[in-house]
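Novice: Have a look at this one.
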Amino acid sequence: MALILGAFTMAVFLRHASTGFSARIANAIASRPVAFNMSVPVVVNKIQRLNRLETVVYSIDTVVEGSRPSTVLPDLLAGDRILLVVHGQSIAGIDLSKLKPEDVRITANNGIRAIRVALPASEIFVTSIDNQHTRVYARSTGLLVAADQNLESETRARAQQQLQQSALSDGILDAARKNARATITTLLYGLGFQQVEVD
């Protein structure tokens with residue numbers, strides 16, 4: 001009976017203690033700290049779910065020349081030349097499936113939950129020529145030879161290489177990393193971390 005009476009008295013006290021010293025006592029007795037269960041494997045798994053994070057699309061229009069000159073005769077007689085107006089794009093980002101547990105460090109000091117993530121290197125996922133918007137601008141063939149059927153496909157392949165090189169020269173990998181860092185930082189703040197460092 002005494003236990004029941006004591007429990008009832010405690011419940012009434014906790015419910016009605018709203019100010020002053022009694023409120024502080026009630027708060028100390030009834031307070032429940034927020035649980036934070038975010039281990040390294042859990043964080044790695046959540047980041048890896050993003051898989052290949054594509055963060056930059058680099059598009060370009062350019063003119064690419066392909067030629068098959070003769071070593072003996074002038075181009076007017078034995079040369080083969082093509083000009084292509086090329087439209088293509090490179091897509092870059094970070095393959096987050098390469099993230100490893102040792103790339104993530106979680107700390108908690110004075111109730112502040114902090115995380116540091118070292119992302120994998122940014123990379124170009126694909127460089128492609130848009131065939132619908134790529135066309136032959138000019139084609140000239142010498143009087144003594146037939147047009148080389150492989151010249152156009154070889155010129156398209158060269159254009160694809162030039163496109164990727166242009167994207168690299170313009171800093172596509174740096175832009176991809178910067179955008180990926182912003183995305184992952186937002187994700188980690190959303191998971192409840194109060195200090196986030198992504199590099």
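The values are calculated or read from the model by the stated rules, or taken from the named source; none is laboratory data. Everything quoted here is computed from the prediction, not taken from an experiment. In this analysis, Cβ positions are derived from the backbone assuming ideal geometry, glycine residues included, and neighbour counts consider all displayed protein chains. Ligands, DNA and RNA are stripped out before the accessible areas are found, and what is left, the full protein with its side chains, is counted by its heavy atoms. Shrake-Rupley method; radii C 1.70, N 1.55, O 1.52, S 1.80 Å.
Novice: Surrounded by 12 or more Cβ atoms within 10 Å (Cβ to Cβ) and more than 30 Å from Ser39 (Cα to Cα), is that true of Ser128?
Specialist: Taking the combined requirement at face value, the residue satisfies it.
Novice: Also: Would you confirm whether any residue within the stretch 74-85 is in a loop (DSSP other than H, G, I, E, B), in contact (Cβ under 8 Å) with a residue 40 or more places away in the chain and within 27 Å of the chain's Cα centre (by Cα)?
Specialist: The answer is no; no qualifying residue exists.
Novice: Being open to solvent by less than 50 Å² (accessible area, probe 1.4 Å) and not in a helix (DSSP H, G or I) is the filter here, so list the residues in the stretch 86-105 that pass it.
Specialist: First, pick out the residues of the stretch 86-105 that are open to solvent by less than 50 Å² (accessible area, probe 1.4 Å): 86-88, 90-96, 99, 103-104.
Selection gives Val86, His87, Gly88, Ser90, Ile91, Ala92, Gly93, Ile94, Asp95, Leu99, Val104.
Novice: Output the residues belonging to the stretch 173-199 that are of a type outside the set (Ser, Thr, Tyr), assigned to a helix (DSSP H, G or I) and either over 10 Å from the mean Cα position of the chain (by Cα) or surrounded by 15 or more Cβ atoms within 10 Å (Cβ to Cβ) (or both). Talk me through it step by step, then tell me what you get.
Specialist: Our first condition is that a residue be of a type outside the set (Ser, Thr, Tyr); within the stretch 173-199, this holds for 173-182, 184, 187-188, 190-199.
Now narrow it down to the ones that are assigned to a helix (DSSP H, G or I): 173-182, 184, 187-188, 190.
Correct list: Leu173, Asp174, Ala175, Ala176, Arg177, Asn179, Ala180, Arg181, Ile184, Leu187, Leu188, Gly190.
Novice: Moving on to the next point. Considering Ser153, Ser140, Ser166, which residue is without any contact (Cβ under 8 Å) to a residue 60 or more places away in the chain, surrounded by fewer than 17 Cβ atoms within 10 Å (Cβ to Cβ) and farther than 20 Å from Pro120 by Cβ?
Specialist: Going through Ser153, Ser140, Ser166 in turn, the sole match is Ser153.
Novice: Related question: Before we move on, is Val104 within 18 Å of Thr183 (Cβ to Cβ), at pLDDT 85 or above and touching a strand residue (DSSP E or B) at 6+ places or on another chain (Cβ under 8 Å)?
Specialist: Numbers: within 18 Å of Thr183 (Cβ to Cβ): yes; at pLDDT 85 or above: yes; touching a strand residue (DSSP E or B) at 6+ places or on another chain (Cβ under 8 Å): yes.
Yes: the conditions hold for Val104.
Novice: Also, quick follow-up: For the stretch 88-99, how many residues meet the condition of being more than 16 Å from the chain's Cα centre (by Cα) and more than 17 Å from Ala175 (Cβ to Cβ)?
Specialist: The qualifying residues number 1.
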